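To start, the structure itself, in structure tokens.
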Amino acid sequence: MSAETTGPEAIVQVAHLHKWFGLLHVLRDISLTVQPREVVVLIGRSGSGKSTFLRCLNFLEQPSAGTITVAGNRLHLEPGDRPARAHVAALRLCTGMVFQEFNLFPHMTALENVIEGLVTVKKLAKTAAVPIGERYLAKVGLLDKKDVHPIRLSGGQKQRVAIARALAMEPQVMLFDEPTSALDPELIGEVLEVMKQLAREGTTMLVVTHEMQFAREVADRVIYMEAGAIVEQGEPDVIFTRPADPRTRQFLERII
Amino acid sequence: MTAETAPAPSDPDLSMGLRLQARQRHERSLEFLRVGAVWLVLILALTLALTQLRIEPGYLIRRSEVVLKIVGGLWTTILVSLVSVSIAAGLALVGALGRLSANPIAQGISGFYVSVIRGTPLLIQIYIIYLGLPQIGLQLQAAGFRQLGQLFILDAITSGVLALSLNYGAYMTEIFRAGLQSIPHGQWEAAEAIGMTRWQILRRIILPQAIRIIIPDVGNQFIAMQKDSALVSVMGVWEITYLANRSARLDSKYMELFLVAAGLYWLLTIVSTFFQSRLEKRMATAYER
Ligand SMILES: Nc1ncnc2c1ncn2[C@@H]1O[C@H](COP(=O)(O)OP(=O)(O)OP(=O)(O)O)[C@@H](O)[C@H]1O
Ligand SMILES: [Mg+2]
């Protein structure tokens, strides 16, 4: 295991990533490069390993083997290695994550949620963190809710606060794991709208989603995963209209 | 408060709602009065029965200074319980963190502590601390460790507080552990994802939420402890039970004075329960603003 700095060209570089859950080989030799400002959408059926892949990128799940480089922080793991805490912390600082279930801190107001990382991790004074937090709440259109606890927010509002919380740490890449799957249909739009805006502003994003319309509109690249491997990837037009692999075709026929 | 005192609403739905609500309140207070009446009858019947058996309530009035002395023991009981439950909560927090820790030493120590304390009677623990430890202290002093030996010789109140703290700390360790474990895993993940360390997550995310969940149980432990604190009377701490026992022996008025003591504990429990439910209500709305 080692950590070193590589060139600035790619933001995310994954090489030969493997993940086992016990005897279950969930990620099988995944390699992927994401360029700055690129929006990559991951699709695939349930259990194909999409969440596990995202979660390996910020070590919520520990990869079994492989190399992960995010914003120049390189972490190489041989089977059985344990990563050093400092390396994990560095990786987490350059990734922001948005969860399906929002996972807001219920005992904190919207603003307190957003500035928590700034205060405890980045050690900013509260007076310095508050304006930053307010800026990101305004960005997701929720500045007027800053003193409200999550229990008083709708699902869509919660997810927007969660996005602001991740953005406030100013990560180099944002990871979204089915950000709209827990939402009532009428609340999905507002969250997708925020994500589209981020994409327009050039935020580098990796998104797991079942929102195919969103993928078509926003993605620079769509990746189809099956059984822990990348089957096919390409521009959304190509993947959605004339996929090369029969497995991709079958999956798309089933859901569209 | 009834619907009549509010300005008559024009909305028929609302006025019907208010009427139903007023009626519900009325019924609830009637029921409360009925249950209260039953309690009163029970207490009167018991008093009557006791007077028939040559138990003298009049004694309590004649020797009111004895009663007041026992009431004075209330403060010691409250003090001992309050201090002990606070120390126990601290122990329980450390114990719970130990039990949940990945470190085998922390796990071993906390598991051992909980097992030993829960597996032995509180009275024995009191005896070991009050009568057993001084034996060690004297040995140490004989061996020339004067200061160290002195630490093992504790006065009655300190021994009582120590025993109650250790004992309740073990039971509360399990309460704290369950509380910490009840916080959804997503809370840990969200905090990890923004880069917080394990310790920061515990302190700022998990504990504040767990404490809300734990509060009712800690309240119950406090109420139970008020009564278990009667055991420290065996060391001659001047709390309710000891004072009742002592005075009762002088005048051979056991039933009268132990009933006074029982009444005091009961009162304490009722008052504590009242404050506990108020605290719980306040905690329940704390996330809402
Ligand atoms: N903590 C775990 N322990 C054991 N097995 C797990 C664990 N997490 C996931 N798995 C398994 O790993 C496989 C991939 O799961 P993953 O959640 O990554 O799939 P997914 O593509 O995100 O699916 P979905 O669309 O349902 O979210 C599944 O077979 C799942 O059962
Ligand atoms: Mg998933």
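Can you pull out the residues in the stretch A:171-211 that are open to solvent by 10 Å² or more (accessible area, probe 1.4 Å), more than 17 Å from A:Q157 (Cβ to Cβ) and in contact (Cβ under 8 Å) with a residue 24 or more places away in the chain? Passing the criteria: A:P171, A:Q172, A:D177, A:E178, A:A199, A:G202, A:T203, A:H210, A:E211.
From B:L207, B:L202, B:L259, grab the single residue that is touching a helix residue (DSSP H, G or I) at 6+ places or on another chain (Cβ under 9 Å) and either more than 14 Å from every other protein chain (Cβ to nearest Cβ) or not in a helix (DSSP H, G or I) (or both).
Checking each option against the conditions leaves just B:L259.
Can you find, within the stretch A:56-85, the residue that is farthest from A:V207 (Cα to Cα) among those that are within 11 Å of chain B (Cβ to nearest Cβ) and away from ligand 2 (no atom under 16 Å from the Cβ)?
Per the stated criteria, the residue is A:R85.
Of the set (1) closer than 21 Å to B:W199 by Cα; (2) open to solvent by 10 Å² or more (accessible area, probe 1.4 Å), all apply to A:N58 but (2). In this structure, is A:L23 open to solvent by less than 50 Å² (accessible area, probe 1.4 Å), away from chain B (no Cβ under 14 Å) and within 16 Å of ligand 1 (Cβ to nearest atom)? Against the criterion (open to solvent by less than 50 Å² (accessible area, probe 1.4 Å), away from chain B (no Cβ under 14 Å) and within 16 Å of ligand 1 (Cβ to nearest atom)), A:L23 does not qualify.
Filter the stretch B:191-204 down to the residues that are open to solvent by less than 40 Å² (accessible area, probe 1.4 Å) and without any contact (Cβ under 8 Å) to a residue 12 or more places away in the chain and list them by number.
Residues satisfying the conditions are B:A193, B:I194, B:G195, B:M196, B:Q200.
Would you say A:A166 is within 9 Å of chain B (Cβ to nearest Cβ) and at pLDDT below 95?
no
Across the stretch B:115-134, the qualifying residues are those that are within 19 Å of the chain's Cα centre (by Cα) and surrounded by 12 or more Cβ atoms within 10 Å (Cβ to Cβ), and the one among them that is farthest from B:M235 (Cα to Cα) is B:R118. When you scan the stretch B:175-182, do you find a residue that is more than 14 Å from chain A (Cβ to nearest Cβ) and farther than 30 Å from A:F59 by Cβ, even just one? The answer is yes; a qualifying residue exists. Look at the stretch A:100-121: where a residue is at the interface with another protein chain (Cβ under 7 Å from one of its Cβ atoms) and a partner is of a type in the set (A, V, I, L, M) and assigned to a loop (DSSP other than H, G, I, E, B), sitting 6+ places away or on another chain with Cβ atoms under 6 Å, you get A:E101/A:A182; A:G117/A:M169; A:G117/B:I194; A:T120/B:M196; A:V121/B:M196.
The values are calculated or read from the model by the stated rules, or taken from the named source; none is laboratory data. Everything numeric here is computed off the predicted structure, so don't read it as measured data. Every residue, glycine among them, receives a Cβ derived from its backbone with ideal geometry; neighbour counts consider all protein chains shown. When the accessible area is computed, the model is the full protein with side chains, heavy atoms only, and any ligands, DNA or RNA have been set aside. Shrake-Rupley method; radii C 1.70, N 1.55, O 1.52, S 1.80 Å.
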